Amino acid sequence: MAKEEGISARSTLWYLVFVGFAVNYMIRINTNITIVAMIKQSDTEFVGEVKVDYACYVPAGNGSTVAELTTTHQEPRSLLRSREGRIISPEQLLLAFLNLDPQKDGFEWNDYQQGLILGAFYWLHWITQIPGGILARRYGTKLVFGASNVIGCWMCVLMPIASYWDYRVLVVLRVLQGLICGLAWPAMHHMAGQWIPPNERSKFVTAYLGSSVGVALNFPLFGYIISWTSWEYVYHFCGIFGTVWYVAWLYFVYDSPAEHPRIHPNERKYIESSLGITEHSAGRREHQDEQRTPWKQIILSKAMWMTVIAQWGGIWGLFTLMTQAPTYFNNVHGWNIEMTGLLSGIPHLCRMLFAYVFSIVGDHLLKHELMSRTGVRKMGGTLCCVVNGIFVFVLACSGCNSLMATIFLTLATTVHGAVSTGPLANLVDMSPRYAGILLGFSGMITVVPGFVSPIIVGMLGNHTVEQWRIIFLITSGTLIICGLLYMAFADSTQQAWNSCDDLSSTSGSIHEDELKGLKTSDLEAYRDESKDEKLEAGPKVGDTGAVRLSSV
């Protein structure tokens, strides 16, 4: 037996999944902030030391409202361009060696071309959503999730040279990145079904919000990297960090408790009994994996479509704010690159913290039977869509009040964290067996806002307050309508098509095994633990016998 570890296998899994999703979003958002430094600035950008080419600039002496003064009375700040960075990038040295134009003044990309670059990641991202879940069931999440992330990071290293070559080459590279990284999310839902007891899933799904922390930390970090060096080093950092994470992922993560060589026997027994896994049921699960996926039932499922609708609205809001926030703060409020990164990142840290707190509330309501599972999921959907939409509406009305804009952009992004206890967890509730495929199907459809929103912004323009008001009003309307539909028709009960009819027998269905496991796991697993040594950071039992992940 492997030596006992001081931290549970589920805790280790949570941390690496958390960082893995941070890496996944690091790949997505790096261009969102580097593009601010990459494009050519206007010739009338400064009057002396003061930046004046942003929408809310008011010349000294003009009548100004209190809101305008909030934005305009700021200390002078330096240009956003990394071209004047202190450290020359390898790409710039290569261009100089080849006597090619180093683009010192920046790339002359118009608003529409910028929209293409920002949205290109999502053009083919939808294609690999369903294959991601299928490949995870066949080859394991360890391979699919890990390879998807690390290949995307390695492609980041090629992006600076692609930018200097031609913006269309950069677009192609971003499209390929999105295609490969699309495998990651649906693959992880399959691993959750193999490792996490049902009453711990809300908390485990908060690991998905590592994406928010990744955005929150990487936006400011990238801003400072650009300020201190040049924008090319952002992509170099992504390649190096992703590789380090991948090495840890290969060593510590396994596709199931049965495959893990260092898991404590008591933890493995608890997980398997909670999921209804015995030698007999494991054999039937292997046989069940060979059965045909009930595509017709999935496609015709009202519960699934309501979750898709909620995800559509939430992702439209999240991606619009995440993708456009650096450009918005720069073009409208005139923030420098460090402040742009900070203000773009803070909302996503708040989103993660809110997701964690709300998941605890949701699990408490479920464990003590204070609210039905469907009720908890609807509550999460209401917050991440309807309340989110209200905050975005106020953001649209904020005009040149930078304080008001910052507060409500932060609030709008924060409440989207409820998605982990709402629509995201709903997918596992409906069908633990096909959770990866469901997330893939959902992601295939809901990824559309990722490339439609930047195109719309590019067509409307991203320079004036009125243009941004229209952009935010469209986002607000989408969020509220989708949230109201989810509130009215969502259903988180396990669907009949989750289990194959021909697998029913006198020994009971797999679903029955899981239900039985849920009733007995808390008592049996921990009675055995009282006879053996306990894991230091293993699952903990509260006064009610409810089990929680020690890691989250």
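Values in this text are rule-based calculations from the coordinates and carry no lab data. These figures come from a predicted structure and were not determined experimentally. Heads up, the Cβs are rebuilt from the backbone with ideal geometry, glycines too, and the neighbour counts pull from every protein chain shown.
Here are some notes:
- Residue-by-residue Karplus 3J(HN,Hα) for region 403-409, coefficients 6.51, -1.76, 1.60, Hz, glycine and proline x: 5, 4, 5, 5, 5, 7, 5
- Compared with the alpha-carbon gap, the fully stretched path from Ile360 to Asp105 is longer by 86.8 nm at 0.36 nm per residue.
- Inter-label distance, nm, simple model (7 Å from Cα along the C-beta direction), Val169/Leu403: 4.8
- Model label sites at Val452 and Glu259, defined 7 Å from Cα along the beta-carbon direction, differ in position by 3.7 nm.
- Each Cα pair under 8 Å and six or more residues apart adds its sequence gap; the mean of these over the residue count of region 295-499 is a relative contact order of 40 percent.
- Length released on extending from Ile7 to Leu98, taking residue separation times 0.36 nm less the Cα-Cα span: 27.4 nm
- Shown in residue order for region 306-314 are the 3J(HN,Hα) couplings computed by the Karplus curve 6.51 cos²θ - 1.76 cosθ + 1.60 at θ = phi - 60°: 5, 5, 4, 4, 5, 5, 4, x, x Hz (x for Gly and Pro).
- Here the calculated FRET efficiency for Lys302 and Ile445, from their Cβ-Cβ distance with R0 = 22 Å, stands at 0.90, rounded to the nearest 0.05.
- Residues whose placed amide H lies under 5 Å from that of Trp231, excluding near-sequence neighbours: Ser82
- Taking amide H positions as modeled 1.01 Å from N, with prolines and chain starts lacking one, the residues under 5 Å from Ser492 and 5 or more places away or on another chain are Thr374.
- Separation of the alpha carbons by more than 28 angstrom is noted, of Lys269/Lys302; Lys142/Lys378; Lys296/Lys367; Lys203/Lys378; Lys203/Lys269; Lys142/Lys302, for Lys269/Lys302; Lys142/Lys378; Lys296/Lys367; Lys142/Lys302.
- Since only Val394, Ile470, Ala303 are under comparison, the one whose Cα sits farthest along the positive direction of the charge dipole of region 295-499, derived from C-beta charges on Lys, Arg, Asp and Glu, is Ala303.
- R0 of 41 Å, Cβ-Cβ distance Arg292-Ile87: FRET efficiency to nearest 0.05: 0.15
- Efficiency of FRET from Cβ geometry, Thr464 and His368, R₀ 60 Å, rounded to 0.05: 0.70
- Between region 371-446 and region 174-217, the Cα center-to-center distance that results, in Å: 15
- Database remark: amide H of Ile39 closer than 5 angstrom to the amide H of Phe107 (H placed geometrically; neighbours at sequence offset of 5 or more, or on other chains; Pro and chain starts carry no H).
- Note on Trp228 and Lys40: their simple-model spin labels are 3.1 nm apart, each label 7 Å out from Cα toward Cβ.
- Karplus 3J(HN,Hα) series, Hz, for region 352-369 with 6.51 cos²θ - 1.76 cosθ + 1.60 (x for Gly, Pro): 5, 4, 5, 4, 5, 5, 5, 5, 5, 4, x, 5, 5, 4, 6, 5, 9, 6
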